Amino acid sequence: MGDISSIQEKRRSVIQDAIVRQNKKRRLMDRVFTGVTIACIALAMIPLGSILIEVVKNGASAISVEFLTRPQGSIVSGGGGIGPAIQGTLLVVGYASLIGVPVGVLAGIYLSEYAGNNRFAYIVRFFNNVMTGMPSIVIGIVGYILIVLAVGSFNITAGALALSIIMIPIVVGVTEETLKLVPHSIREAGHSLGIPKWRVTLFITLRSAKNGVLTGIVLALSRISGETAPLIMTILGTSLFFQFTFEGFTDPVDALPLRIFRLAALPYEHAESFGWGAALVLILIVLSLSMALRFLVLDRRYKASGGARL
């Protein structure tokens, strides 16, 4: 009996040593991959940080109330500002979002909740992936042919349509993948209560995945806010020294990406300063939109949790 107990004790000791060694190995691998991940993030932040520092350093001196509100004056003397370009950017991005966000979210819901893996869903996913990587200048040419030539002038509607075509594939892809992450038990709970599928999808499944869907919308907004090529072909693309203000949905407008593009091509010191300032304003607009959407969701979630606690 003593020999048997000693053998069992040795086995337990060997097993415990193996478990300890395995745990040490796992902790070591976890630390190694965590360090590699942090290093990769740091490497990625270096070019991003250098760009932001350069933009802030060169553009902060140009920012003023006159710069943000007034139309462009003389490039040589440095008068005026980029007011119409800011107005045009907000209008064209908002207009594109009104088109792209509903279409993208509804298409993502259809692919995730209704389409399954049939042939039509495969075709939609295939073309959605193709559209994600399509050059933006091609989309601008499509907007030029379909709307600009039909209307007879550059206009904000053509620009919004072109930007929405860029926006939709991003929103569709993120919405579909985010909805697939929602556990099926949540859907089954809704169906077990006799709730129709469309109500379960809109008020339970989509609500559970709203943070991911919002992330896709923010990514799409960030992408289209800085696009220049489609706007050259749709909302103006001709004037170097004149800024159009909004007068109607069939009239041309200016935008910050266009203004930066034009100012960067001019050999004047004030034009260069205005270009850096416009780039800084564009970054701040995108950052503000992203933070506003994030805080909107966080605020609602906080109120909901607070109400539940009460």
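What the table below lists for this structure:
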quantity	calculated
Out of SER208, SER192, SER222, sole residue that is touching a residue at least 40 places away in the same chain (Cβ under 8 Å) and either out of contact with any Asp or Glu (no Cβ under 8 Å at 6 or more places or on another chain) or buried (at least 19 other Cβ atoms within 10 Å of the Cβ) (or both)	SER222
Selected residue (criterion: modelled with the lowest pLDDT) from residues of region 73-98 that are in contact with a Leu (Cβ under 9 Å, 6 or more places away or on another chain) and not β-branched (Val, Ile, Thr)	GLY81
Of the criteria (1) in a helix (DSSP H, G or I); (2) closer than 22 Å to LEU296 by Cα; (3) in contact with a helix residue (DSSP H, G or I) (Cβ under 7 Å, 6 or more places away or on another chain); (4) not basic (Lys, Arg), which one GLY190 fails	(2)
Qualifying residue in region 111-133 (condition: in the same structural domain as GLU177 (by TED's automatic domain parsing), outside any helix (DSSP H, G or I) and surrounded by 13 or more Cβ atoms within 10 Å (Cβ to Cβ))	no
Enumeration of residues in region 63-93 that are surrounded by fewer than 18 Cβ atoms within 10 Å (Cβ to Cβ) and part of a helix (DSSP H, G or I)	VAL65, GLU66, LEU68, THR69, LEU90
Verdict on ASN155 being of a type in the set (S, T, N, Q), in the same structural domain as ILE109 (by TED's automatic domain parsing) and either buried (at least 22 other Cβ atoms within 10 Å of the Cβ) or in contact with an Asp or Glu (Cβ under 7 Å, 6 or more places away or on another chain) (or both)	yes
Some residue of region 165-185 being charged (D, E, K, R), assigned by TED's automatic domain parsing to the domain that holds ARG294 and surrounded by fewer than 17 Cβ atoms within 10 Å (Cβ to Cβ)	yes
Residues located in region 130-177, provided they are within 25 Å of ASP251 (Cα to Cα) and small (Gly, Ala, Ser)	SER136, GLY140, GLY143, ALA150, GLY152, SER153, ALA158, GLY159, ALA160, ALA162, SER164
Pair list, Cβ under 6 Å, 6 or more apart: region 57-78 residue on the phi > 0 side of the Ramachandran plot, other residue at pLDDT 85 or above and hydroxyl-bearing (Ser, Thr, Tyr)	none
Criterion: assigned to a helix (DSSP H, G or I), within 21 Å of the chain's Cα centre (by Cα) and under 25 Å from ALA292 (Cβ atoms) - qualifying residue of LEU202, LEU221	LEU221
Unmet requirement for ALA60, which otherwise passes all of (1) surrounded by fewer than 17 Cβ atoms within 10 Å (Cβ to Cβ); (2) over 26 Å from the mean Cα position of the chain (by Cα); (3) under 30 Å from VAL253 (Cβ atoms)	(2)
Every residue from region 37-57 that is hydrophobic (A, V, I, L, M, F, W, C) and loosely packed, with under 11 Cβ neighbours inside 10 Å	ILE38, ALA39, CYS40, ILE41, ALA42, LEU43, ALA44, ILE46, LEU48, ILE53
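Table: residues versus (1) touching a residue at least 60 places away in the same chain (Cβ under 8 Å); (2) of a type in the set (Ser, Thr, Tyr); (3) in contact with a Phe, Trp or Tyr (Cβ under 8 Å, 6 or more places away or on another chain).
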position	(1), (2), (3)
PHE261	no, no, no
PRO267	no, no, no
PHE274	yes, no, yes
ALA278	yes, no, no
VAL281	yes, no, no
LEU287	no, no, no
LEU293	yes, no, no
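The values are calculated or read from the model by the stated rules, or taken from the named source; none is laboratory data. Since the model is a prediction, treat every value here as computed from it, not as a measurement. Neighbour counts are summed over all protein chains in view; Cβ atoms, including those assigned to glycine, are modelled from backbone coordinates with ideal geometry.
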